[in-house]
Amino acid sequence: MIGPALPRMAFDQGTPAGGGLAQGDTVPRMFWDGVRRRGSRVALRQKDFGIWKPISWTALGEIVRNVAMGLVALGYKPGEVASVLSNTNREWMYADLGALSAGGVVNGIYPTDAAVQVEYLCADSSTVYLFVEDEEQLDKVLEVRERLPQLRKIIVFDMEGLRELADPQVMSFEALQGLGRAHHEAHPGLFEERVDARRPEDLAILVYTSGTTGKPKGAMISHRNIVLTCHAYNDFAPQSESDERMAFLPLCHIAERLGGEYFPLLTGSIINFVENPDTVPENVREIQPTTFTAVPRVWEKFYSGVLIRIRESTTLQKAAYAWAIGVGMKRARLIEDGKPIPASLALLFRAARFLVLDNIRRMIGVHRARFLLTGAAPISPDLVRWYMALGLNMVEVWGMTESCGAVTSNPIERIKPGSIGIATRHAEVKVSPEGELLVKGDSVFMGYLNLPEKTAETIRDGWLHTGDVGRVDADGYFYITDRMKDIIITAGGKNITPSEFENQLKFSPYITDAVVIGDKRPYLSCLVMIDHENVEQWAQERSIPFSDYRSLTRRPEVIALIGEEIEKVNKTFARVEQIKQFRLIETKLTPEDEELTPTMKLKRKLVGEKYRDLIESMYAAKAA
């Protein structure tokens with residue numbers, strides 16, 4: 001196979017002193033540099049009929065070039081927007097890099113979004129070409145396309161069930177590539193011109209916020225934002241061509257887009273696209289990644305699975321686990337305190353790993369991992385310590401869409417559980433007099449699309465106002481205490497940060513998420529979402545009858561179980577900060593439900609509105 005013609009341009013191999021980037025550094029240049037240097041090396045893998053199929057850098061480059069030139073043949077102009085409506089897969093990446101290489105701007109749409117949301121996002125972004133995954137996603141677009149006059153073509157990745165479709169506005173992904181291949185042959189040199197058409201300061205991608213307080217806002221991220229962030233990532237989470245990583249979080253979210261797609265373009269680490277979110281536990285054991293980035297919900301799920309297995313084990317196995325994890329915890333505490341590990345403890349830990357802890361790492365699928373990354377939501381410090389006790393460096397990072405991903409990170413050599421770490425070299429972070437974390441630097445976004453007033457509210461005096469309440473210690477480590485809008489002030493005037501209690505609750509294997517209520521109330525209450533799988537297993541082992549999720553949450557035994565978990569956490573807080581009443585959410589929520597963000601976090605404001613009657617019942621019950 002003849003590989004793609006590579007754009008003839010100079011590439012900067014590093015970051016100059018002062019953190020700047022060479023003129024002309026963009027995402028396409030970074031990608032095509034990787035194609036030129038890595039050639040036949042594996043760039044990515046994805047399962048086809050149960051077998052992991054590798055794609056080389058050369059083959060990836062050819063696909064991307066064909067997609068780019070196919071769009072150009074259709075009339076795609078530099079600066080125009082193409083959107084992708086799909087689950088995380090290799091085709092998402094092909095479309096993204098193809099549109100960017102054609103000089104365009106790319107916007108991602110969550111596959112869980114309804115037709116009306118797809119309409120809004122396409123209209124607001126002025127999308128002219130839309131990539132969709134399959135028939136299900138195509139149906140959403142067809143439902144609203146009459147109200148999207150700027151939309152020219154809809155390109156479908158998977159045409160299963162659509163072979164007989166005769167719609168002039170719809171074409172297959174294969175047909176687009178064929179068109180691009182012919183257009184490239186007929187117009188030599190045009191592709192190179194398109195790759196070189198954009199500058200570092202130009203808009204590269206749009207990332208829409210979750211819209212918990214109104215319509216989603218399109219954050220404008222430049223090429224410079226992205227490339228600079230990728231270089232900074234390689235400082236605190238260094239990777240190379242020998243690394244294996246997984247991609248399974250939504251690619252329209254800044255975390256996976258930067259860390260899961262663009263960062264490997266710089267480092268050459270192999271991307272493994274999982275089959276779907278439900279197969280992550282199975283796929284991680286197959287892939288055995290050397291670096292693993294996930295949200296706290298995933299880490300909590302792994303932990304609870306191990307805990308359940310331990311509870312089902314023999315007395316001897318329980319004793320062995322207790323001893324081994326105890327040794328690991330002693331070592332983790334010394335690392336946390338920045339103290340040296342005595343030779344005797346190091347030897348004991350090697351024995352604990354060999355006899356017990358390595359089996360747990362293999363059970364999860366992280367035996368080869370050099371470090372784990374967690375972000376996008378707060379995580380319990382005790383959960384971080386547990387992974388550290390297994391001998392795994394769990395690095396908590398912090399950032400947001402508007403900062404183009406992480407701007408703080410725990411150094412691998414000195415992890416402080418509960419901290420979001422120190423500022424990366426490409427960003428300046430400080431705490432305002434009001435306690436809000438502020439960020440300044442070249443990674444800060446360009447602003448919100450079509451919303452200059454919102455942009456002015458968010459970036460003031462050159463500082464990005466994050467909305468996170470935090471503090472910094474003497475070592476320069478930052479801590480998030482809560483969101484400014486989420487701080488609870490009780491009727492008695494006590495300021496409460498609900499995330500502290502919620503994070504402790506989520507450490508329970510029986511609790512998936514929780515929302516603490518209490519603003520202007522006489523005491524704190526809580527809505528709890530149970531872990532369906534673990535609670536169901538717990539009930540079955542005790543022959544507790546139930547028919548479905550709702551009936552499970554209504555069982556007195558289950559309510560008592562969650563009450564015991566809450567009481568355990570209550571004992572670690574002052575009396576005024578304790579939960580006095582709680583209720584279980586009786587609906588099993590998925591990302592399709594409006595109460596959850598795509599990264600599986602409960603939306604506090606929406607939960608408060610939707611479950612108002614349930615909340616009021618907790619205060620009425622106490623008053624009675």
| query | What angle, in degrees between 0 and 90 and rounded to the nearest 10, separates the Cα long axis of helix 315-336 from the longest principal axis of the Cα atoms of the chain? | reply | 70
| region 266-423 - percent of accessible surface contributed by carbon and sulfur, probe 1.4 Å | 58
| request: Would you mind checking the tilt of helix 532-541 against the longest principal axis of the Cα atoms of the chain, expressed as 0 to 90 degrees and rounded to 10? | output: 40
| request: Report relative contact order for the chain in percent, whole number only (criteria: Cα-Cα under 8 Å, sequence separation at least 6). | output: 10
| With labels modelled as points extended 7 Å from the Cα through the Cβ direction, what inter-label distance (nm, one decimal) is found for I51 paired with V431? | 5.7
| field | Centroid-to-centroid separation of region 39-61 and region 141-190 [C-alpha atoms, Å] | value | 24
| task | Considering only DSSP beta bridges where both residues belong to the chain, give the percentage that are antiparallel (nearest 5). | result | 55
| query | Accessible area per residue of region 120-191 at 1.4 Å probe, in Å²? | reply | 50
| Which pairs, out of K140/K588; K47/K318; K416/K454; K520/K603, put more than 26 Å between their alpha-carbon atoms? | K47/K318; K416/K454
| task | Sticking to Cα atoms, compute the Rg of region 165-300 to one decimal and its Dmax as the biggest Cα-Cα distance, whole number, in Å. | result | 18.4, 54
| said: Before I look further, what does region 398-531 give for accessible area per residue, probe 1.4 Å, in whole square angstrom? | reply: 39
| request: Any chance you could give the angle, 0 to 90 degrees and rounded to 10, that helix 173-186 forms with the longest Cα principal axis of the chain? | output: 40
| note | Check: C-alpha center region 218-286 vs C-alpha center region 329-376, spacing in Å is 25
| Rg/Rh for the chain, where both radii come from Cα atoms and Rh is the Kirkwood radius | 0.97
| message | Between S172 and A186, what is 0.36 nm times their sequence separation minus the Cα-Cα distance? Round to one decimal in nm. | response | 2.9 nm
| field | Euclidean distance of C-alpha centroids, region 450-476 and region 519-536, integer Å | value | 31
| message | Out of the total accessible area of region 25-184 (probe 1.4 Å, heavy atoms of protein only), what percent is carbon and sulfur? | response | 50
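The values are calculated or read from the model by the stated rules, or taken from the named source; none is laboratory data. No experiment lies behind these values; they were computed from the predicted model shown. All Cβ positions, glycine included, derive from the backbone under ideal geometry; neighbour counts span all protein chains shown. Protein only, heavy atoms only, side chains kept; ligands, DNA and RNA dropped before computing areas. Shrake-Rupley method; radii C 1.70, N 1.55, O 1.52, S 1.80 Å.
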